[in-house]
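Trainee: I have a structure I would like to understand better, so I am pasting it below and will then ask my questions one at a time.
The values are calculated or read from the model by the stated rules, or taken from the named source; none is laboratory data. Source: prediction; values computed, not measured. All Cβ positions, glycine included, derive from the backbone under ideal geometry; neighbour counts span all protein chains shown.
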There are 2 protein chains.
Amino acid sequence: MEMEESFDAEGSFDDASCLSPQSPGSTSPARRQNKEIKETKITINCVTFPVSASAPEQQLLKPNEWSYCDYFWADKRDPQGATVTGFEVLLQKQLKGKQMQKEMAEFIRERIKIEEEYAKNLSKLSMFPMAAQEEGTIGEAWAQLKKSLADEAEVHLKFSSKLQSEVEKPLLTFRGDNFKKDMKKYDHHIADLRKQLVSRYAAVEKARKALADRQKDLEVKTQQLEIKLSNKTEEDIKKARRKSTQAGDDLMRCVDLYNQAQSKWFEEMVTTSLELERLEVERVETIQQLLRQYTTLRHETDMFNQSTMEPVDQLLQSVDPAKDRELWVKEHKTGDMRPVDMDI
Amino acid sequence: MEMEESFDAEGSFDDASCLSPQSPGSTSPARRQNKEIKETKITINCVTFPVSASAPEQQLLKPNEWSYCDYFWADKRDPQGATVTGFEVLLQKQLKGKQMQKEMAEFIRERIKIEEEYAKNLSKLSMFPMAAQEEGTIGEAWAQLKKSLADEAEVHLKFSSKLQSEVEKPLLTFRGDNFKKDMKKYDHHIADLRKQLVSRYAAVEKARKALADRQKDLEVKTQQLEIKLSNKTEEDIKKARRKSTQAGDDLMRCVDLYNQAQSKWFEEMVTTSLELERLEVERVETIQQLLRQYTTLRHETDMFNQSTMEPVDQLLQSVDPAKDRELWVKEHKTGDMRPVDMDI
């Protein structure tokens, strides 16, 4: 026994009869009186689910994995009240992931610009003539210190260049242009299968109503025969009975077609949601790898930067005031002959 | 015997008789004829030197040290033709040294500005909202990566702050304001001693001329007596002889005063040039130390900068797509009840 229940919805469900609200238990009064009805299934937005209290409990398809294929069967409402399928939630996650990559790449781009500015400033300063006249060992150390800024600039330019090629570019391109097309394909494919389900469900409802009508007709005609109310012959009753049976067959066929459509949709849901799950794992792992590349480049940069100090340290080590005096005195001395007393 | 030789010069030597060019050997013709004259000394700009060929060779006051006190006795010409004393060359070196410090401090100031700009840019970028919606373990790693830019900014601000207090400021202040005053004092003191020498030399020349006149007068008078040319008495000759002797004594006194002045100047030259030498050693050693401080700060900075990557690396290590899926699915799942076939 099924309980049909539905919600107002928009989009692909507009034309489905399962959308109009119906009170629970819309079976014929006769049946209601005859048995205690245990509703074990419920159809929501044309998808049929077991009622949660019914046994046996479903096992997850992929226990302990929090897999997409286990948790997105039902539709939900978004904050505006529109119906959103579980699959659309998964799809949105993937599209948002692409947006995240793009924003991360923008962030890296900004870092690149900062590094290039820094490098440019260091490079310019390294060429300023401050204290260019300093000579000797102290002059050499100073000159190397100034040059080291150009070396640092080089290091930062290399950093920014690698940031571009090894982090920014991959972030922008690892989901190619095909990604959005693929997502659209999945979207349309699954949506089409839901639409089919909706129309098959409409057919079931129509067949169910037709059967109810046929059954009522048969019942009325049988009652009339019994109380000899009309001149209906047994022939009429046989005809009514045949139509009723046919309507029952039709209903069976419609239900069967509905169940096939639902199974098809079910299979595609499992396959596609697992693909989206795989894509998400791939996205997270790729981002992890690219961000690790970022930290590696930062480590390298700091190390190369440190090494620009080596020649400066060496020359500072060699600073020798005595040697500098010798060099300077040799160049600038005016005379080593000392004055002597004048004779008369 | 001395040879007076002098050069055109400006400044403190304007009033000295030793400035007018004189041909070598300006002794009286009589003397020139009597002996072979060996010039062993020469006076240049009122300072008296041995002629280089004469023995014994002077030993340096401070052998193997290229000491200022050994090499700046003579004057020289600057490119414009003006006379510059050896001492002035030494003084200029010290004043230029102060200029060098100032320029080095300016260079450091420029570095400080570059670092502050870099820090500001990193700090701003760390607050940009790119990919702020990324969640789970990958979201945490990303958030930490962004934060690390603020940590880097902190490192560079600290660097620039220490550059200011430990390098720039000392470079600007280690020769205090008194330095220029001290240099002026030395300059005037030594220049005054040279001026004294110039006036003592003028006195010597004057006395020398006076003696020559007295001697000539005596000679003339003696000759006249011999040829009984005049009615000059022996009394006149005795007078002439007395004046001649007095002129000789005057000359001796003037030469003595000159030599005293020269000795005084000599002593001050040695003392002061050694002080300038000491100041130069101090200057070079101080600059060496401050530039070493610069390289130390650079080393530190690169190390601190590297350490900003540690928390990022840790969080990247912990990235777990499965965990992220669990977190996300728990929050966004729509329903775990799977569809079942519809019953009739």
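Trainee: Tell me whether segment B:168-189 contains one or more residues that are over 30 Å from B:Q289 (Cα atoms) and hydrophobic (A, V, I, L, M, F, W, C).
Mentor: First pass over segment B:168-189, keeping only residues over 30 Å from B:Q289 (Cα atoms): B:188-189.
Within this subset, residues satisfying the condition of being hydrophobic (A, V, I, L, M, F, W, C) are none.
Within segment B:168-189, not a single residue is over 30 Å from B:Q289 (Cα atoms) and hydrophobic (A, V, I, L, M, F, W, C).
Trainee: In segment A:105-112, is there at least one residue being of a type in the set (A, V, I, L, M, F, W, C) and more than 28 Å from the chain's Cα centre (by Cα)?
Mentor: The answer is no; no qualifying residue exists.
Trainee: Now for a separate question. Could you check segment B:166-181 and list, in sequence order, the residues that are assigned to a loop (DSSP other than H, G, I, E, B) and surrounded by fewer than 11 Cβ atoms within 10 Å (Cβ to Cβ)?
Mentor: Selection gives B:G176, B:D177.
Trainee: Would you confirm whether or not segment B:185-195 contains a residue that is at pLDDT 95 or above, farther than 30 Å from B:E88 by Cα and either part of a loop (DSSP other than H, G, I, E, B) or β-branched (V, I, T) (or both)?
Mentor: Step one: of segment B:185-195, the residues at pLDDT 95 or above are B:185-195.
Narrowing the set further to residues that are farther than 30 Å from B:E88 by Cα leaves none.
No, segment B:185-195 contains no residue that is at pLDDT 95 or above, farther than 30 Å from B:E88 by Cα and either part of a loop (DSSP other than H, G, I, E, B) or β-branched (V, I, T) (or both).
Trainee: Of these, B:Q314, B:Q293, which one is more than 9 Å from every other protein chain (Cβ to nearest Cβ) and free of Cβ contacts under 8 Å to residues at least 24 places away in the same chain?
Mentor: Within the list B:Q314, B:Q293, the selection yields B:Q314.
Trainee: Report yes if some residue within segment A:235-244 is among the hydroxyl-bearing types (S, T, Y), more than 50 Å from the chain's Cα centre (by Cα) and within 11 Å of chain B (Cβ to nearest Cβ); otherwise report no.
Mentor: No, every residue in segment A:235-244 fails to be among the hydroxyl-bearing types (S, T, Y), more than 50 Å from the chain's Cα centre (by Cα) and within 11 Å of chain B (Cβ to nearest Cβ).
Trainee: Still on this model: Under 30 Å from the mean Cα position of the chain (by Cα), facing chain B (nearest Cβ under 8 Å) and over 30 Å from A:V155 (Cβ atoms): does that describe A:E268?
Mentor: Judged against the criteria, A:E268 is not a match.
Trainee: Let me ask something else. For A:K102, only one of the following conditions fails: (1) among the charged types (D, E, K, R); (2) within 9 Å of chain B (Cβ to nearest Cβ); (3) within 30 Å of B:V281 (Cβ to Cβ); (4) out of contact with any helix residue (DSSP H, G or I) (no Cβ under 6 Å at 6 or more places or on another chain). What is its number?
Mentor: (3)
Trainee: Is there a residue in segment B:277-289 that is farther than 30 Å from B:S161 by Cα and in a helix (DSSP H, G or I)?
Mentor: Checking segment B:277-289: at least one residue is farther than 30 Å from B:S161 by Cα and in a helix (DSSP H, G or I).
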